[in-house]
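> One structure coming up, written as structure tokens, with questions to follow.
The values are calculated or read from the model by the stated rules, or taken from the named source; none is laboratory data. The structure presented is a predicted model; accordingly, all values stated were derived computationally and were not measured. Here the Cβ positions follow ideal geometry from the backbone for every residue, glycine too, while neighbour counts run over all protein chains shown. All accessible areas refer to the heavy atoms of the entire protein, side chains included, with ligands and DNA or RNA removed. Shrake-Rupley method; radii C 1.70, N 1.55, O 1.52, S 1.80 Å.
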Amino acid sequence: MVAVVNNEDAGALVDALLEKEYRATRLHSSGGFLKQSNATIILGVEEAAVDEVIEIIAANCKSRTQVVSPMPPIMEPGEFFMPYPLEVEVGGATVFVLPVERFERL
Ligand code: 2BA
């Protein structure tokens with residue numbers, strides 16, 4: 001599984017996963033849209049555990065509203081740009097469930 005979560009939730013999420021003996025890897029990442037730092041958690045789990053892991057993610061990651069200031073456009077002389085901040089709802093987590101062809105711990 002791959003879960004993109006808010007940086008502020010990532011520590012508690014990894015702790016909650018470890019408590020249930022799920023192994024996880026935390027990567028530092030950043031969103032393509034907001035260009036702000038977030039966290040990507042990689043988890044190798046049995047198929048039967050996917051729903052429980054989604055529940056743990058849901059319990060530890062909350063959605064937030066973030067305010068973004070749009071980039072000013074290239075202006076011609078005499079033009080005027082009023083930068084209105086935009087509100088963006090960033091979800092608690094974006095989760096991908098992928099099949100694994102082979103898994104080895106050496
Ligand atoms: P960002 O790309 O920084 O996106 C942050 C939030 O901005 C998104 O929240 C969404 O509400 C909004 N947003 C993103 N792209 C947009 C667009 N083209 N037009 C309008 N609004 C847009 P979430 O959807 O909850 O995504 C949170 C983070 O999860 C994303 O950060 C990105 O890092 C990751 N993510 C979301 N969908 C993804 C996908 N399909 N593939 C890979 N990563 C994804």
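> Plugging the Kirkwood radius over Cα pairs into Stokes-Einstein for the range 1-72, at a temperature of 37 °C and a viscosity of 0.692 mPa s, what D comes out in µm²/s?
250 µm²/s
> Right, next: Taking only protein heavy atoms and a 1.4 Å probe, what accessible area per residue, in Å², does the range 1-98 have with all protein chains in place?
Values: 6940 Å² over 98 residues.
Normalised by residue count, the accessible surface of the range 1-98 is 71 Å².
> Sticking with this one: In square nanometres, what is one fourth of the surface area of the convex hull spanned by the alpha carbons of the range 43-106?
So the mean shadow area of the Cα hull is 8.3 nm².
> What do you get for the angle between helix 50-60 and the principal long axis of the chain? Use alpha-carbon atoms, 0 to 90 degrees, nearest ten.
50 degrees
> Given a 1.4 angstrom probe, I'd like the percentage of the accessible area of the chain that is carbon and sulfur, rounded to a whole number. Don't jump to the answer; show the numbers that get you there.
Working: 4550 of 8160 Å².
That fraction is 56 percent.
> Along the positive direction of the dipole of the chain (beta-carbon charges: Lys, Arg +1; Asp, Glu -1; about the Cα centre), which of VAL95, ASN6, PRO72 reaches farthest?
The residue sitting most towards the positive pole is PRO72.
> Below 8 Å, C-alpha to C-alpha, sequence gap of six or more: please give me the relative contact order for the chain in percent.
Relative contact order here is 32 percent.
> What ranking, highest mean first, results for peptides 71-82, 39-50 when packing means the other Cβ atoms within 10 Å averaged over each residue?
The packing order, highest mean first, is 39-50, 71-82.
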